[in-house]
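Have a look at the structure below before the remarks.
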Amino acid sequence: MHVTNAESKKRVLLMGDEAIARGALEAGVNFCTGYPGNPASEIIDTLAKAAEKFGVYVEWSVNEIVALEAAGAAAASGLRALTAMKNLGADVCSDFLMTVNLSGTKGGFVLVTGDDPLAHSTTTELDTRNYARLADIPLLEPATVQEAKDMTKFAFDFSEELGLICMLRMVTRLSHSRGVVTLGPVQTQKKTAEFSSQEMWTSGSSSITCMLHSVLHEKMRNAESKFEESEFNKYVGREDAEFLIMTSGTGWLYSLEAVKLLNLQNDVGILKLGTTWPLPTKLLTTHLKHAKEVLFIEETDPFLEQNVKIAAAELLVDGIAPVKFYGQKSNHVRGEFGAGTGELSVDTVVKALMGIRKIEYSPRKSCYAEKVQETVGSYLPPRSMSFCAGCPHRASFWSIYKAIKWHGQEVIVAGDIGCYSLGLLPTGFSVEKTLHCMGAGLGVANGFGNMKRFGLDKPVIAVAGDSTFYHACLPALINAKWNKANISFVILDNNTTAMTGHQPHPGTGVNALGDSSPRVHIEDICKSIVSDVRVVDPFELQNATQNVYEMIQTEGLKVLILRHECPLNEPRGWQEKPAVYVDQEKCVGDECGCVRFCSRVFKCPGMTWDYVKRKARIDESICTRCRLCADICPQGAIKVEETT
Amino acid sequence: MVKGKGAVIVEACGLSEGNCYDFCPRTRLDVPALDQFVFGSQRKDVALGSNISVMKARTVDSEIGGVAQYGGVVSALVAYALDVGKIDAAVLAKSEDRISGEPTVARNRKEVLECVGSTYLACPTVSKVWEVTKREKGRFCVVGTPCQITAIRKMQSSPNVRTSLKSQEDKVSLLIGLFCTWALSPDVYSLISETVGGARVLKVDVPPPPANIFVVHTEDKVFEIPLDKVRRFIVPSCNVCFDMTNEFSDISVGAVEGEKGWNTVIVRTNTGQELLQAAHDAGFLEVRPLEPERLNHLCEASLTRKRRVLAEKDSEKVSYLLTTDEDKSRIIGEQEAH
């Protein structure tokens, strides 16, 4: 692995998240925490692999606020600490962030957030840069994989120098892109943590808070002056260009490419900002002086756009001529779903420049799209997201679905965050009706389960995964008990944090390094709160269905743990199990009186169709031999190989 | 099947005539076609359906006789068939409370004895048959109510159904039918608990007419509930049932009116005939002719039910039933046929 093995000055190919990890190692990071979430998961995953070699402490924490608090304590004790999380994680830890900005740090303290424009694997397009402004802490936005590494290293030094946590904002395209990175040396000097009883580490209250707030402002003035000279801000183009693109993050490379495609190098200057909060006002002034028009290119929110406009308004006093601004507000920078949504691309910049500068440009012949459609259109059917072959969630949702049908009346199913969020889609029989953030399933169920007095008298099922349970469900579970909410809480325990790449959690018995650690059993926790706690294997379909059915028949708070290990936990482990196959003599194909129940309803990707024989067939390359299809085939045509 | 709810369509297939439609005893039931499939001929007896003989019988096995509801013939036939290896397993209804039954698979005499006695709520026997024949090879016997036996016959006659249900060797090879007048909805539990309080129910019985009572035995007492109070809980589908004596079974068994400890037996197929004969020869059963007045009474009871169904004003409810005009006029016109 390049991150841990490569020597200094070597040029290697790294993924954005790996570059962050490498940057932290080059900065001599001591204490790393995080909670998995796309696109940031690989940062802690990578650091965990380097932990032993470089003597770094790395943990997957139970959630993001605990992660930031633990790392904060390390930083307050003089260590260098990093916390990594996805954008929604910043929400979770924001409570602490809004106070630790005031209490400050001794060691370098870096918060890395991974935003997900276009919400590839997230339930929001939240732009976490706003947190940097809200907390008033320095913000860095890498534009390349190299910068991801270099900025991380810088962020530690800078944080230590200011005595203030620094934030680094990544986005999916950068986190998961690979680029060539020139490595620096890894710092391995030993550090001692010290937190003396003489010290106070607090954001205080009343006058102390106000005083610390003032200190924070001073730190940020200091930060701004340092940012004026930062090597992460750069300008390309004619010194007196009247048309300026201001950009940050991924927008930098897109802008360079778009300007080149449109052959505008002589007309358009590009100011690339790597330090976007606080903004380097003097640098901005320098370039606003020669610009008559400015186009903002940035991922998601008009963060630069708004802050530069404020800065420009102040500069008017200094005689800077009025500038015409283009961006999201003017609707020139917009994605498929409108301005401020979706992901940036070269096309976004090209279209914006074409609109503003009235340029005609066509990268390909107009008939291209038609020819593509003609040539490959029929080979690319749209496909809905689906549970993997052998996924226990398919069985769990079938049981819930069936129990609701048995019940015969409406049931509200509140979903949560994990692979099982797909319970909203046909692969989960569209059972889930709500989906927000970690823990929100049980949280909203507290409301749905307490509205009988207002006429909403339907059984409520809240669904949460095992990792989500530890992360965010305990307060809601306690609240449900305390306030007598009627909820059937179904915990889908597959013994891993599957969606983000199979990270361990408190129930798995191992920590981030793969070392053995005490298990925290879900049922033990639940039993201390709820009297009716059941544990069932979802592959025992009838039993699981019966239990869900019984639970929704009765009022009160009940817990059903549907426990079956994710088959991907043990790659190829299923090969030990007897094979499952379709007895094509028995399969009645199109004549099946249930219209191909196996593939139509169950939609397991392992269940395919033999177009020659017109019978069902199992794709052995992905079948995990879970036997579920053998249970549900009305004809008994799906067989499990007999073993001796 | 959901306890207390009957059948539920979990995932609508979009077919107007899919498996559910094909198998359900309350969808299109072509009586002449099913007669032809099961018996190879049309029925001559419109009152009792195709049959070879009608008699009365009782078990001579004291172990069975001691716990049987009536004559213990069903348990004796199943136990015998298992004993001699005619069948490998039987799908029966087992009851914890003598009111509702859970389907179960009996593989030996002991397990058969655990299922002795009547139940009064519909039991999802067919789903158990479906499940067990899918997983296991062997010869199966099913004991069921008329609607259950009809469903299995419909499955067996369906062109698409898997062969494991077909009535051949190594499949569902023996169907023992129970006489049935109705099943109750689980709501009846409220009436029973109102009547007996918290006492444990040991046995429930509906003695043949003219008793007109629903009898509940507890440890200390026997409660008699007027049958009219119980009739309120009859499953609506039973009101349009045409078949009291289980007309598509191999052999049908019911109570004998006015004579405790005996069963009425209608032998319908050669399979039923051979089984009864063999069980008798092996000393499992005692068989006697059914008295003509009792036979007449049975036929009249069956015809009365059929007439009531044919006279159903809401024709939609009985539109499932396809029978010949000739049979219909015979049912309506036939008086004291036997």
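Each reported figure results from applying straightforward, stated rules to the coordinates on display, with no laboratory input. Because the structure is a prediction, the values reported are computed rather than measured. As a convention, Cβ positions derive from the backbone with ideal geometry for all residues, glycine included, and neighbour counts pool all protein chains shown.
The calculated FRET efficiency for B:Lys110 paired with B:Thr324, based on their beta-carbon distance and R0 = 35 Å, is about 0.15.
Stretched out straight at 0.36 nm per residue, the stretch from A:Lys452 to A:Cys210 would grow longer than its current Cα-Cα span by 82.5 nm.
Centre-to-centre, using Cα atoms only, the stretch A:324-391 and the stretch B:123-148 are separated by 58 Å. Qualifying trypsin sites (Lys or Arg not before Pro) in the stretch A:476-529, where qualification requires a DSSP coil assignment and no more than 13 other C-beta atoms within 10 Å, comprise A:Lys484, A:Arg519. Here the protein assembly as shown is assigned +1 on the Cβ of each Lys and Arg and -1 on the Cβ of each Asp and Glu. Its dipole about the Cα centre then comes out at about 1000 debye.
Label A:Ser430 and A:Asp157 with points 7 Å out from Cα along Cα→Cβ: what is the distance between them in nm? Those two pseudo-labels are separated by 5.7 nm. Using a simple spin-label model with pseudo-atoms 7 Å out from Cα toward Cβ, B:Arg307 and A:Tyr361 lie 9.3 nm apart. Amide H contacts of A:Ala291 (H built 1.01 Å from N, in plane; Pro and chain starts excluded): no residue 5 or more places away or on another chain comes under 5 Å. Distance between the C-alpha centres of the stretch A:90-107 and the stretch A:500-555: 33 Å, rounded to the whole angstrom.
Dividing the mean sequence gap of close Cα pairs (under 8 Å, 6+ apart) by how many residues chain B holds gives a relative contact order of 23 percent. Here the calculated FRET efficiency for A:Lys9 and A:Glu52, from their Cβ-Cβ distance with R0 = 22 Å, stands at 0.35, rounded to the nearest 0.05.
Please check which bits of the stretch A:209-249 a label hung off A:Lys329 would reach, taking the label as a point 7 Å along Cα-to-C-beta and the cut-off as backbone N under 19 Å. Counting backbone N atoms under 19 Å from the label point, the list is A:243-248. Straightening the chain between A:Val535 and A:Arg519 buys 4.1 nm, computed as 0.36 nm per residue apart minus the Cα-Cα spacing. Residues A:Thr99, A:Thr348, ranked from the fewest to the most other C-beta atoms within 10 Å, line up as A:Thr99, A:Thr348. Sites listed here are GluC sites (Glu not before Pro) in the stretch B:175-228 whose DSSP assignment is loop and whose Cβ has at most 10 other Cβ atoms within 10 Å: B:Glu219. Rounded to the nearest 20 debye, the dipole size of the stretch A:241-321 about its Cα centre is 220 debye, using +1 on the Cβ of Lys and Arg and -1 on the Cβ of Asp and Glu. Fewest-first ordering of A:Met220, A:Met167, A:Met98 by other beta carbons within 10 Å of each residue's beta carbon gives A:Met98, A:Met220, A:Met167. Taking a point 7 Å from the Cα of B:Cys20 along the Cα-to-Cβ direction, the residues of the stretch B:113-137 with backbone N closer than 18 Å to it are B:124-128, B:130-131. For a modelled paramagnetic label at A:Lys226, 7 Å from Cα along Cα-to-Cβ, the residues of the stretch A:90-116 in reach, with backbone nitrogen under 13 Å, are A:105-110. Between A:Gln575 and A:Leu474, residue separation times 0.36 nm minus the direct Cα-Cα distance comes to 32.6 nm. With the charge dipole of the stretch A:392-569 set up from +1 on Lys and Arg Cβ and -1 on Asp and Glu Cβ about the Cα centre, the Cα lying farthest toward the positive end among the listed residues A:Leu474, A:His521, A:Val510 is that of A:Leu474. For A:Thr643 and A:Val510, the FRET efficiency from 1/(1 + (r/R0)^6), where r spans their Cβ atoms and R0 equals 25 Å, is about 0.20. Here the contact order of the stretch A:392-569, divided by its residue count and restricted to Cα pairs under 8 Å and six or more residues apart, works out to 25 percent. Cα centroids of the stretch A:452-467 and the stretch B:78-115: 41 Å apart. The modelled label-to-label distance between B:Ala12 and B:Met55, using points 7 Å beyond Cα along the C-beta direction, is 5.2 nm.
In order along the stretch B:53-70, phi translates into HN-Hα couplings of 7, 10, 8, 10, 8, 8, 7, 10, 7, 5, 5, 6, x, x, 10, 5, 5, 10 Hz, rounded to whole numbers, per the Karplus curve 6.51 cos²θ - 1.76 cosθ + 1.60 with θ = phi - 60° and x for Gly and Pro. By the beta-carbon count within 10 Å of each Cβ, the least crowded to most crowded order of A:Arg572, B:Arg98, fewest first, is A:Arg572, B:Arg98. Looking only at chymotrypsin sites (Phe, Trp or Tyr not before Pro) in DSSP loops with at most 10 other Cβ atoms within 10 Å, what is the longest site-free stretch of chain A? Excluding the exposed sites themselves, the longest stretch runs over A:1-336.
The charge dipole of the stretch B:32-184, taken about its Cα centre with unit charges on the Cβ of Lys, Arg, Asp and Glu (plus for the first two, minus for the last two), comes to roughly 420 debye. Of the trypsin sites (Lys or Arg not before Pro) found in the stretch A:271-360, those in coil by DSSP whose Cβ has at most 12 other Cβ atoms within 10 Å are A:Lys358.
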